[in-house]
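**Q** Structure provided below as structure tokens; questions to follow.
The values are calculated or read from the model by the stated rules, or taken from the named source; none is laboratory data. Here the structure is a predicted model, which is why all the values come from computation and not from measurement. Because the Cβ atoms are built from the backbone with ideal geometry, glycine has one as well, and the counts that use them run over all protein chains shown. Accessible surface areas use protein heavy atoms only, side chains included; no ligands, DNA or RNA. Shrake-Rupley method; radii C 1.70, N 1.55, O 1.52, S 1.80 Å.
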Amino acid sequence: MSDLYDEIRDVAAQYPVRRSAVLPALRLAQDHYGWLPPQAFRDVAEALELTPAYCQSVASFYDMFHLEPVGRCLIEVCTNISCALVGAQAVLEQFENELGITAGQTTADGEFTLRTVECAGGCGWGTVVAIDHRYREHVKADDVGGILSELRGAEPVGVGRGPGVSEDGAVGDGAA
Amino acid sequence: MSGVDLVTVTIDERELRVPKGSGMVEAALAAGIEIPVFCYEPRLGPPVGACRMCLCEVEGIPKPQAACTLTAQDGMVLRTAATSALAKDGQEAVLEFILLNHPLDCPDCDKGGECPLQDLTFRYGPGSTRMHFSKRTFDKPIPISPLIALDRERCILCYRCTRFSEGVSEDGQLVALERGADSFIATFEDEPYRAHFSGNVVELCPVGALTSTAYRFKARPWEIQNVPTVCGQCPVGCNTWISTREGKVVRILSRNHPEVDEGWICDKGRFAYGHLDAEDRISEPLRRIRRHGFEPVTFAEAAQETARALRAAGSSVAVAFSGTETVEEAEAMARIAREALGSDRAILPDDPHPALDAWRAPLSAIRNAEVCLVLGDHPVIERAPAVDLWLRSARRAGAEIITVGPTGSVQTLPGSAPAVAAELASGSVPEELREASRRLRKATRVALVWSEDDPTGGRPIAALASALRLGDGSGVYWIPSTPNGRGVAAAWHAAGAGRETTPPPPEAELGALIVSGDRAAADPVVLALAERADFVLTSAMFMSQVAGWSHILWPGSAYLERAGTTVNLEGRPQRQHPAVGGPEFHELALLAAIGAHLGLAVDAWPSFESSDEHAPLPARGKAVPVPVTPTPMPAGSEEGLALVTYESLFSGLSVERTPTLAFQLTEAEVELARADALAGGISTGDTVVVSSNGSATELRARINQRLKTGVVRIPADHAHGLGQRVEVRKP
Amino acid sequence: MTDDSTPELRPLLFAHAQDADLTKIDAYERAGGYASLRKALTSDREELLEQFLASGLRGRGGAGFPMGRKASFLPKPDQTTKPIYLAVNADESEPGTFKDREIMFRLPHALIEGVLIASYAIGAEIAFIYLRGEYLREYEIVRDALDQARARGLVGANVLGSGYSVDIVLHRGAGAYICGEETGLLESLEGKRGQPRSKPPFPAISGLYAAPTLINNVETLATLPAIIAMGGEEYAAIGTESSTGTRVFSLSGNVARGGNYELELGTTLRTLIYDIGGGIPNGRRLKAVIPGGSSVPVLDASEIDTTLDFDEMAKAGSMLGSGAVIVIDDRACMVQLGLRVAQFYQHESCGKCTPCREGTRWMVQLLEKLEVGEASQGELDLLLDVCDRILGKCLCPLGDAAAMPIASYVAKFRDEYQRHIEEGGCPFGGESSLEGVMAPVAQHHRDQRSAIEVPA
Ligand SMILES: Cc1cc2nc3c(=O)[nH]c(=O)nc-3n(C[C@H](O)[C@H](O)[C@H](O)COP(=O)(O)O)c2cc1C
Ligand code: SF4
Ligand code: FES
């Protein structure tokens, strides 16, 4: 508990004004609790000398903060237009079918939260699926089963390839 | 007008000369042109241009501009919807968007009849709606505190309320949650909006989204009377409007005195009128019958019996004041005691040092200060809430705020204020004050605030002001402990023709004692006097031990029920006007009748007419040099923690009798410095035992990062029996 | 036709990126990295600003404002008592755009070098890199690159012994498109909700913590080392007169080889899509192109000879925006496209100003109704009117960014919108490539019920 306080105070020291550390502090608190329960806002507020209400107000503005519990592994499917044009919806539906939940929900065993996100920034290599914020690109509906068994079998964090880096690790189609 | 740069702007084809940089909404208004606004409210800080209601055309700019964000520049040509199709299109678009999700439930909305949205829709709005989808819906009015209800469907997200909370009172309690069309206003989880100024958001809301629970469904604007008066709850004296319906107070609104309150009033001033109708109020004059309690007496009998007793007591009479009397009442009592009976014995709750008048300045001058120095152990916000707002506003305007005290920016032990003032005045300061001393001496506009009880009436701060040779741009603000302590002291001294005031002797017999007001009646010193006095007259609203000892008990009036003058902490005399009736005969009428029996002419009614004008501040007094009295700094000690207590704003008879304010009462809490808490293994929320001198009490701990290490703070109502040094430990 | 012309790649930023791992500082320095910084540190500030101006470099974030001019609006260090800041816009969130990500992924040092050059030129005390929160890998890479640069004395006190000190703080966002808008970014960096500010005052005068602040996009800044190396004028010789230099275009959608391609400005869309991107796969036909990210008006297939140039694109009624080229083939229903784009802007509207907050929601409602075939002719007109009522009336450009594309879809593909009304449903009959695409639902909306009691 007091560790979180100290971590937040350390981060805050980087900024000319302490309040600037609200986002990093909320992120630290989210790492600590897994999501942002009311106590997390009290903790951040105490460390940054703000009010819990203020911290909650800020957190609720941003999509990456979870004001409700999430699963141990967060699966995010980009359904913005570039991904959508190359089949994001099919990928999403495959996840929904295999997990037995709809986007926005968490599996009963608390393992997976599935959600749709706005453009993830991998448009040329759609469909982009982020697993705990590690990107998988060129994902097709057929890949979903494999991804899930990999996640179920091992540590939940995928390695994540770089933008446009293909399966074999070669620098991808981007000729940049 | 020298120094003001005038520029020419054209609004709707009318040329105007206005000061450069002045707001275009105001400039237009001065020319009689209305630019509709919602989010714009200059008192909330720089314009945010959020609602877009004020869109106007500016020559040379293709897109319509938010007029609220524009300032007058020479040659600017502005067109409102009255003369510009572009502006009209913008205005209509925005109004349509605002009404899109509004429930249009004017018939059962408290704001109806005084609602800017209703008025603007009436004037410019679309006649029908083109939105046929379901509107945003929320749970119907939810209380965000026992005082305030929020109807989210009506909210137009102008963010006035949250801007107040974040940027004016800086309480950070009322916020917007979520984003975009999902945004809504809320407090943290289900916790109430608990802050000193919460009620102002009700007045700020331009629609009926935030309403007062007490006023809800009570009256239509055209069914109420509004009486201008001055708040009597603290020494600031904010200007207010009292709305009454059928002889009852139904709400209190601000009457914006720009020099005193800038249109903000605290929750005590706004909501604590519940005590007027309290069931335990003393409602008629009473006479004590030995052992058998009280029986009613007539007005004439009460006056006659009191006069007889006073005459018998002669110079052995003493008056105990509350500081809540009007100047006229205090003057009547002072003349009865001093002129008619020749007694100089009084207990004055406040007695300011006369030299302070030389640095009199309006509260609004605090905002212009370069440096504000606040000295004393009493939190300013608890004692004179509006002063806290002025200080915050000064800080936002760039002033440096130096607070010296247990929670100050310069941290001192409790009781250090006189010593610190003396050090700063003499210029020989310890390391931690060196910077403050340097800034104070360098600045030309200084505000000194004294928030400390001391028997000298603020002599140390006067000596500091004197040493700093404060000039015209500076002011000294001495905060009395009672609303009209200043006016009462002045009235008492005026009646004495230069004679010294002597406190009633603690041992000797007393012929008669006049106990004026509930505050005096609650004072243990007064109780001790009452027990020894041959005759006691008490005038109070509520029963107390002292009242029980009284021979004649007179029903006191509340400040909302009477006419009279009060002098606020600035030294500004202001008029109170009765909003509702109260007791049949007021204190002044009784005093006039007593005076008549004693051969003294006292007016039964103050000699001024009712008016809603803002009172001016009298000129400064002549500067008299005040020498510095060297004062020792309180010594620290190895053992235990130093205790500092304070009286919360939300305490006292009126708050206790207003059920909706109960949640504002201070919690049974002890504040600890972080280091002390860590040392004791204590976290916020833990129950701890605070003990001293053999008495102990259990309180909830809260870490206050601004508290000096080695000091703990407890609200006075929870610190009974504790001495100056305490131990705090987990049970 | 350009069948036999060679793809006109013009790697300038990415010059050495194919041959070496430039995330390593040694490799970067071997490829000539940080030489521009050394050069800059020995020049005076005015001279650098001249170079920026001469290069004609226009902002790569979206608005295309000349970088040198913006930098010249800031007070000089001796003209202000306040600190000066640089804020790097690395919030890349415009749908279709992923170039900044690749720059940070492969060329973190080019970004850092550019940041240092710009910081020195304006006399900044601290440079903040506002990095999109979702970009976790890129965060790690830039963080590591910063550590390497710090270890070499390139960042921090007394940069390379020049007497100039600057710190670079890496600040991560947390998922909000609007924080890419420059004043929304500043608010967010100050620890607030990322709601844009009303301008003026402009950030150059009163930006971060009310101090003078220069805000530039990642690509804009990463281009500076090349400009300093070759000289502004030489840089200006690349590209066209109004659009100098190269740009990294993000190509996506129904195209064979999506990815980032660095091209000389002035190249045609056709070249990018067909020669470089390999054309439309699966034997489909090109239907439309969004040339600058989802915020800009669409072009139809007949317009792909338009060049990638700020002015030419404006003449064609669209914008170069963030350089994101989204290719749409004939399987896409343009009503569904409109709906999905509108949903995005509704989701990302910050909620501060009325037209955007209320208007985007209304647009979505109308488009939903249109898509299912339940809208009347009047409602299509109403949709256009709603767009018109948003346009030009908002506090920041997001509202326009929502209204403009939708209005352009209707204008260019009116028949498709019309058919939804006339046929009482989607003419694609469920076969559209965008059929049923789900937008993010409100992430954590809670209708608060209050436990607070009001005493009688
Ligand atoms: C809604 C909105 C989103 C934006 N998002 C980005 C962004 O993600 N990245 C970016 O560099 N610029 C973005 N911009 C443009 C910035 O406001 C700003 O113009 C840019 O960062 C300036 O840098 P530049 O001059 O180097 O392009 C956005 C603008 C708007 C209105
Ligand atoms: S246009 Fe949209 S995003 Fe921009 S300020 Fe208005 S509501 Fe916020
Ligand atoms: S009054 Fe100008 S935008 Fe609200």
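**Q** Considering only C-alpha atoms, what is the centroid distance from the range A:99-156 to the range C:20-79, in Å?
**A** Comparing the Cα centres of the range A:99-156 and the range C:20-79, I get a distance of 39 Å.
**Q** Leaving out ligands and nucleic acids, and using a 1.4 Å probe, what accessible area per residue does the protein assembly as shown come to in Å²? Provide the component values of the computation, followed by the final result.
**A** Details: 49780 Å² over 1363 residues.
With all protein chains present, the protein assembly as shown gives 37 Å² per residue.
**Q** Considering only protein heavy atoms, what is the solvent-accessible area of residue B:407 at a probe of 1.4 Å, reported in Å² to the nearest 10?
**A** Roughly 40 Å² of residue B:407 is accessible to a 1.4 Å probe.
**Q** Suppose we keep just the DSSP beta bridges with both residues in the protein assembly as shown; what percent of those would be antiparallel, to 5? Please list the in-between numbers first.
**A** On the way: 78 of 150 bridges.
Percent antiparallel among DSSP bridges in the protein assembly as shown is about 50.
**Q** Given N residues in chain B, what is Rg(Cα) / (2.2 N^0.38 Å)?
**A** On the way: Rg = 28.0 Å, N = 731, 2.2 N^0.38 = 27.0 Å.
In units of the 2.2 N^0.38 Å rule of thumb, it is 1.04.
**Q** If you don't mind, another one. Indicate, rounded to the nearest 5 percent, the antiparallel portion of the DSSP beta bridges found entirely in the range A:73-151. Intermediate results must be reported in sequence, preceding the final value.
**A** Details: 7 of 13 bridges.
Around 55 percent antiparallel, to the nearest 5.
**Q** Provide the percentage of antiparallel DSSP beta bridges, counting only those with both residues in chain C; round to the nearest 5. Could the numbers behind the result be given before it?
**A** Values: 17 of 38 bridges.
Taking every DSSP beta bridge with both residues in chain C, the antiparallel ones total about 45 percent.
**Q** Separate question: For the range B:655-697, which GluC sites (Glu not before Pro) pass both filters: DSSP loop (anything but H, G, I, E, B) and at most 16 other C-beta atoms within 10 Å? Write out the running numbers ahead of the final one.
**A** Working: sites: B:656, B:667, B:669, B:671; in loops: B:667.
When the GluC sites (Glu not before Pro) of the range B:655-697 are filtered for loop state and at most 16 Cβ neighbours within 10 Å, B:667 remain.
**Q** Let me know the Rg and Dmax you get for chain C when you use only its Cα atoms, in Å.
**A** Gyration radius and largest Cα-Cα distance of chain C: 23.0, 85 Å.
**Q** If you don't mind, there's one more thing I want to ask. DSSP loop (so not H, G, I, E, B), at most 13 other Cβ within 10 Å: list which trypsin sites (Lys or Arg not before Pro) in the range B:425-511 pass both filters.
**A** Numbers: sites: B:434, B:438, B:439, B:441, B:442, B:445, B:469, B:486, B:499; in loops: B:445, B:469, B:499.
The qualifying sites are B:469, B:499.
**Q** Need the full-extension length gain, residue C:241 to residue C:414, defined as separation in residues times 0.36 nm minus the C-alpha distance. One decimal, nm. Write down the numbers at each step before the final one.
**A** Working: separation 173, 0.36 × 173 = 62.28 nm, distance 3.52 nm.
Fully extending the segment from residue C:241 to residue C:414 adds 58.8 nm.
**Q** Additional query: When all C-alpha to C-alpha distances in the range B:1-155 are sorted into bins of 5 Å, what percent of pairs does each bin hold, rounded to whole numbers?
**A** Taking every Cα pair in the range B:1-155, the percentages come to 2, 9, 16, 18, 18, 13, 10, 7, 5, 3, 1, 0.
**Q** Quick one: give the max-minus-min coordinate of the C-alpha atoms of the protein assembly as shown along each principal axis, largest first, in Å.
**A** Each principal axis gives a Cα extent; for the protein assembly as shown these are 124, 71, 69 Å.
**Q** Mind pulling the angle between the C-alpha long axis of helix A:144-153 and the longest principal axis of chain A? Nearest 10 degrees, somewhere in 0 to 90.
**A** Its long axis makes an angle of about 50 degrees.
**Q** Short version: ³J(HN,Hα) in whole Hz for each residue of the range B:687-694, in order, from phi by Karplus 6.51 cos²θ - 1.76 cosθ + 1.60 (θ = phi - 60°), x for Gly and Pro, what are they?
**A** Running phi through 6.51 cos²θ - 1.76 cosθ + 1.60 with θ = phi - 60° gives 8, 10, 9, 10, 9, 6, 6, x Hz.
**Q** Quick check: net charge around residue B:7, other residues with Cβ under 12 Å of its Cβ, Lys/Arg +1 and Asp/Glu -1? Mind showing how you got there, number by number?
**A** Numbers: positive: B:17, B:20; negative: B:5, B:15, B:74.
Charge balance in the 12 Å sphere: -1.
**Q** Between the range B:244-285 and the range C:119-195, what is the separation of their alpha carbon centroids in Å?
**A** When both Cα centres are located, 53 Å separates them.
**Q** Moving to a separate point now. Which angle between 0 and 90 degrees, to the nearest 10, do you get for helix A:88-99 versus the longest principal axis of chain A when only C-alpha atoms count?
**A** 80
**Q** I need the calculated FRET efficiency for the pair residue C:152 and residue B:528, taking r as the beta carbon distance and R₀ as 56 Å, to the nearest 0.05. Could you put the intermediate results ahead of the total?
**A** Numbers: r = 80 Å, r/R0 = 1.42.
Rounded to the nearest 0.05, the efficiency is 0.10.
**Q** Among rounded, prolate and oblate, which fits the range C:25-237 when a ≥ b ≥ c are the square roots of the eigenvalues of its C-alpha gyration tensor, a/c under 1.5 means rounded, and a/b larger than b/c means prolate?
**A** On the way: a/c = 1.36, a/b = 1.14, b/c = 1.20.
Rounded, because the longest to shortest axis ratio a/c is under 1.5.
**Q** Okay, next question. Could you work out how far helix A:2-12 tilts from the main Cα principal axis of chain A, as a 0 to 90 degree angle to the nearest 10?
**A** That works out to roughly 80 degrees.
**Q** What total accessible surface area, summed over both chains, is buried at the interface between chains C and A, computed with a 1.4 Å probe and given in Å² to the nearest 100?
**A** Working: alone 19600 and 9790 Å², together 23820 Å².
About 5600 Å² of accessible surface is lost on pairing.
**Q** Starting from a Cα-only point model with no solvent, please compute log10 I(q)/I(0) by Debye for the range C:29-106 at q = 0.11 1/Å.
**A** Per q value, in the given order, log10 I(q)/I(0) is -0.41.
**Q** So how far apart, in nm, are the two label points at residue C:423 and residue C:456 if each is 7 Å from Cα heading toward Cβ?
**A** Going by the 7 Å Cα→Cβ label model, 6.6 nm.
**Q** For residue B:720, project a label point 7 Å along Cα to C-beta. Then give me every residue of the range B:650-666 with its amide nitrogen under 20 Å of that point.
**A** Residues B:650-658, B:662-666 fall inside that zone.
**Q** Another question, if that's okay. How much accessible area does residue B:585 have with a 1.4 Å probe, in Å² rounded to the nearest 10?
**A** Looks like 80 Å² after rounding.
**Q** Report the local net charge at residue C:157: Lys and Arg +1, Asp and Glu -1, summed over other residues whose C-beta lies under 14 Å from its C-beta.
**A** Working: positive: C:150, C:152; negative: C:125, C:167.
Neighbour charge sum, excluding residue C:157 itself: 0.
**Q** If amide H atoms are built 1.01 Å from N in the plane of the peptide, which residues on other chains or at least 5 residues away come under 5 Å of the amide H of residue B:684?
**A** Sorted by chain and number, the residues that satisfy this are B:703.
**Q** Sticking with this structure for a sec: Tally Lys and Arg at +1 and Asp and Glu at -1 over the other residues with C-beta under 12 Å from the C-beta of residue A:103: what net charge comes out?
**A** Details: positive: A:115; negative: A:76, A:93, A:96.
Result for the neighbourhood of residue A:103: -2.
**Q** Tell me: how much accessible area in total is hidden between B and A, 1.4 Å probe, Å², nearest 100? Can you show the working numbers first?
**A** Working: alone 31530 and 9790 Å², together 39790 Å².
Roughly 1500 Å² of accessible surface disappears when B and A pair.
**Q** Quick one: with all protein chains in place, what share of the accessible area of the protein assembly as shown is carbon or sulfur, to the nearest percent (1.4 Å probe)?
**A** On the way: 25170 of 49780 Å².
Answer for the protein assembly as shown: carbon and sulfur cover 51 percent of the accessible area.
**Q** Using the Kirkwood radius over C-alpha pairs as Rh, can you work out the diffusion coefficient of chain A via Stokes-Einstein at 4 °C, viscosity 1.567 mPa s, in µm² per second?
**A** Translational diffusion coefficient: 74 µm²/s.
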